[in-house]
Amino acid sequence: MDINEVIGGRLAQVNRDPAKFRSDMSRYVGEEWAKQTYYDALHGDRIFRVSELVALARAAGVQAYSLLDAQAVGAKSITVSRRHLKPSVSITAPELMDLFIAPGKATVGLKRAKANIELVLDNFIGRNARESELPVGGLAHSLAVAVQLISQAIKE
């Protein structure tokens, strides 16, 4: 999926009043946002500038980074290069979000790591096993400690 399609898809999900949105966009960008412009944006047929991304977020009443949440529109890989360039350049949906979250809040990678470690632990020792029952120094114990440390780092 193209990055502009991600933005358009997210816009379609978060915007409930197209007429008000177009009016707000016209005010925020300083020029009319016609119906055709709006529909081009929804379908990813518009290449967005950063100033438009800011205006889109303001008009939709959301954080700008939320318009880049590719997972919310079902995308796993996002093309970020110009459409005419071959080969195209792509990144994963979590990588895209990590680029737009402030360093202190960039916990997507940690949460993903925690979920993967918990899955490994569940498959390795079972869901109901307690950390106190695991042999200290063993792989399962080390993984359980890693989950605790990650939880503290992301304050879960």
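Quick notes on this one:
- Span-like helix ranges in the chain, DSSP H, alpha carbon extent 20 angstrom or more, Kyte mean at least -0.5: 108-125, 139-153
- Cα gyration tensor, the chain - rounded (a/c under 1.5), prolate or oblate: prolate
- Stretchable slack from V120 to K35, in nm (0.36 nm times residue separation minus alpha-carbon distance): 25.6 nm
- Relative to the Cα centre, the charge distribution of the chain, modelled as +1 at Lys and Arg Cβ and -1 at Asp and Glu Cβ, gives a dipole magnitude of about 220 debye.
- Extreme residue, positive dipole direction of the chain, given options Q152, L134, S66 (C-beta unit charges): S66
- Annotation: the residues K76, K111, K155, sorted from fewest to most other C-beta atoms within 10 Å of their own C-beta, follow the order K155, K76, K111.
- Point-to-point label distance, T92-S23, nm (Cα→Cβ direction, 7 Å offset): 4.4 nm
- Here the extension length gained between S132 and Q13 equals 38.3 nm, from 0.36 nm per residue of separation less the Cα-Cα distance.
- Taking each DSSP H run with n ≥ 4 as -39500 (n - 2.57) and averaging over every residue of the chain yields -16500 deg cm²/dmol at 222 nm.
- Shape call, segment 1-66: gyration tensor on alpha carbons, a/c limit 1.5: rounded
- Segment 1-61-segment 140-156 distance, computed between alpha-carbon centres (Å): 40 Å
Any read-out appearing in this document is the output of simple, stated calculations on the displayed coordinates, not a laboratory observation. Fair warning: this is a prediction, and the values are worked out from it, not measured in the lab. Cβ sites come from the backbone with ideal geometry, for glycine too, and all protein chains shown count toward neighbours.
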